[in-house]
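Everything on this sheet refers to the single structure shown next.
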Amino acid sequence: MAQTALGAAKQASLPAAGLTALGIVYGDLGTSPLYTIQTVVEAAGGHFTQASALGVLSLIVWTLIITISIKYCLLVMRADNHGEGGILALMSLVGANRLRGWAGLLTAAGLLGAALIYGDGAITPAISVLSSLEGVNVVTSSLAHYVMPLGVVILVALFAVQRFGTASIGVAFGPVMLAWFAVIAALGLGGVVRHPVALLALDPRYGVDYLLHAGAVGPLVLGGVFLCATGGEALYADMGHIGKTPIRLAWYFIVLPACLLSYAGQTGFLIDHPRVTGNPFFLLAPGWAVYPLVGLATLATIIASQAIITGSFSMTRQAMQLGWLPGVDIRQTSDNVYGQIYVPVVNGLMMIATVGITIGFGSSARLAGAFGTAVSTTMMLTTLLLLVAMIRVWRWPLYLAIPVASVFLIVDVAFFGANLLKIVDGGWLPLTLGAAIFFVMATWRAGVDAVRHSYVARRESVEAFKARLKRDKIPRVPGAAIFMARAEGAIPSLMVDFVRSIGSLHQSVVILTIIFEDIPRVAADARSEVTPLGDDLWRVTLRYGYIEIPNLPASLAQVKNLGCAADITDAVYFGARDLVSAKPGGRLRGVRLVVFTWLFRNSVKAVDRFYLPPQRVIEVARQIEV
């Protein structure tokens, strides 16, 4: 998502932007031919007839057409939030950002979908890298015991280089993926030429007939078929960085044809080999090409893993700005590309999870049982939010919105049900991770609301505060002070406590409030709002979008109509570093209180999050009961 070419992608020629899309968006979808048919083979017991092989191929073809080509490319990508995508952006678009009332159901859907993406994101690098390295087993079994250790080394190295950004390798992503799609298309085309009967799979009746006669194996095969579409969420999530048109054109003219040819070629191999052991993707290649193919596949899967990692970084920033995750350290790794960020805590947690999963499962075949459950749930939740967008945002009539959404929902529910069968084989893992992250999000928001309620009870009206300054003859010392405030309309409790404890106040005082809007970016002319309060007091409100990284000194330097007597550039910033404790009958209890207290204590504070100069920041610790 965050590559060197991104900044210029939207201004570049359409072919160049499409090439960028190949490297950023289509890593996961593009490498799914590595393991999809192999998983289906395992589910079907390794035995195929021509009819069953065509039935499986038909299911894959129509999954890609309905779910990716129509649902995501045509409709979901239309539901952009000021150009940005992703399930959190969709949640904000439909007006859901609180866990109360009917809107709370939509918010829960968006949060759970985002949380499940984290859970599945820990599995994607593991299964992708392992499936590519396992190609050597086609040539020799003597290297099989090196696959998992080598996969761990590659994954650790991949996470280790995230701190440097992707500037040095981003420019190669597009050409590498273009070469990958050319190779898999060529291999698949050879299989189709030998078995043109594979073209019959375009008829959806083959897929329907297979499911009707497959018996108990049908749902298991359907769970494997779903793996061909697991990268669909990336199309929507990366839309703000690339743009709709390049993503759509790259899909329709390069990715979809290449993937279909690859799947068709592998199906032809199944027709030739009714009983197959091993991965049909690599078995389709001539012996001399296996090792180069393994190398190219490894590069492609690293790119696929890179996309999910940086995607997790961007989603973390969105969730944090919308108030669903605590403040964490976010580092901008490029001076030219806004979206190129590095989130150390997310990178570290994902590395631990991914490496642990790789060691624990050991092979892509075993990981296939854990892969897909979270994504199928997220896709179903996306469809529900899309239905709301059709009605609320696009103003579609119910007789049009409901049938369209119902088609997608039927497909989503079918895949969701099929993937539920994987729970005992590992599907519990991403669901558990997603549920834990959802719990953290909901707990953080509830705790922050409780803290804010405490702040409101301790603040003071502007008139009462100014009257007390005069009544108590509070001296005004030289200089300027900026008090960070979470609420508008009153004097913040931090400032009230400061005057009560210190007995003085700076000559010029700015009460600064930061507001994160439910839009990705805020225009420069709408950034700031200044309200004079009298007696050398000003209220300044700065607004940012949910994907922006605030730089308060830079924003304040551009504020107009701020008539402070003192130089605001040398002002002292006052912020709170509060300590949370339990209040009898409070909103948080038990485990939720313990979790929130730990998160609150370890979250990044204003001095770290807003680029404040440390030498001019004073943090005041207070006890807050929630």
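Examine the range 444-456 for a residue that is within 19 Å of Arg577 (Cβ to Cβ), modelled with pLDDT of 90 or more and among the β-branched types (Val, Ile, Thr), and state whether such a residue exists.
no
Is one or more of the residues making up the range 580-597 under 26 Å from Val509 (Cα atoms) and open to solvent by less than 50 Å² (accessible area, probe 1.4 Å)?
no
Collect the residues in the range 457-467 that are at pLDDT below 90 and open to solvent by less than 40 Å² (accessible area, probe 1.4 Å), keeping them in residue-number order.
Within the range 457-467, Glu460, Val462 qualify.
Of these, Thr310, Thr316, which one is within 25 Å of Leu130 (Cα to Cα), in contact (Cβ under 8 Å) with a residue 12 or more places away in the chain and not charged (D, E, K, R)?
Of the residues listed, the single one that is within 25 Å of Leu130 (Cα to Cα), in contact (Cβ under 8 Å) with a residue 12 or more places away in the chain and not charged (D, E, K, R) is Thr310.
For Arg331, only one of the following conditions fails: (1) open to solvent by 20 Å² or more (accessible area, probe 1.4 Å); (2) among the charged types (D, E, K, R); (3) modelled with pLDDT of 80 or more. What is its number?
Among (1) open to solvent by 20 Å² or more (accessible area, probe 1.4 Å); (2) among the charged types (D, E, K, R); (3) modelled with pLDDT of 80 or more, the lone unmet condition for Arg331 is (3).
So which residues in the range 184-236 are assigned to a helix (DSSP H, G or I), closer than 22 Å to Gly417 by Cβ, open to solvent by less than 40 Å² (accessible area, probe 1.4 Å) and β-branched (Val, Ile, Thr)?
Residues satisfying the conditions are Val221, Val225.
Only one of these is farther than 20 Å from Gly372 by Cβ and in contact (Cβ under 8 Å) with a residue 60 or more places away in the chain: Leu150, Leu178. Name it.
When all the criteria are applied, what remains is Leu178.
Only residues that are hydrophobic (A, V, I, L, M, F, W, C) and surrounded by fewer than 20 Cβ atoms within 10 Å (Cβ to Cβ): list them for the range 45-76, please.
Ala51, Ile65, Ile66, Ile70, Leu74, Leu75
Return a yes/no flag: does the range 273-292 have any residue that is touching a strand residue (DSSP E or B) at 6+ places or on another chain (Cβ under 7 Å), among the basic types (Lys, Arg), surrounded by 19 or more Cβ atoms within 10 Å (Cβ to Cβ) and more than 30 Å from Ile410 (Cα to Cα).
no
Do any helices (runs of 4 or more DSSP H) lying entirely in the range 314-426 carry at least 3 residues that are of a type in the set (Gly, Ala, Ser) and closer than 30 Å to Ile65 by Cα, and which ones are they?
In the range 314-426, the matching helices (runs of 4 or more DSSP H) lie at 373-392, 398-420.
Mind counting the residues in the range 470-500 that are under 41 Å from the mean Cα position of the chain (by Cα) and in contact (Cβ under 8 Å) with a residue 24 or more places away in the chain?
Total satisfying the criteria: 18.
To keep it simple, each residue is scored yes or no on (1) open to solvent by less than 50 Å² (accessible area, probe 1.4 Å); (2) farther than 21 Å from Tyr455 by Cβ; (3) among the aliphatic types (A, V, I, L, M).
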site	(1), (2), (3)
Ala490	yes, no, yes
Leu494	yes, no, yes
Arg500	no, no, no
Leu512	yes, no, yes
Trp538	yes, no, no
Ile549	yes, yes, yes
Lys560	no, yes, no
Phe574	yes, no, no
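The values are calculated or read from the model by the stated rules, or taken from the named source; none is laboratory data. Just so it is clear, the structure is predicted and the values come from calculations on it, not from any experiment. Counting neighbours? That spans all protein chains shown, and the Cβs are built from the backbone with ideal geometry, glycine included. With ligands, DNA and RNA removed, areas are computed over all heavy atoms of the protein, side chains included. Shrake-Rupley method; radii C 1.70, N 1.55, O 1.52, S 1.80 Å.
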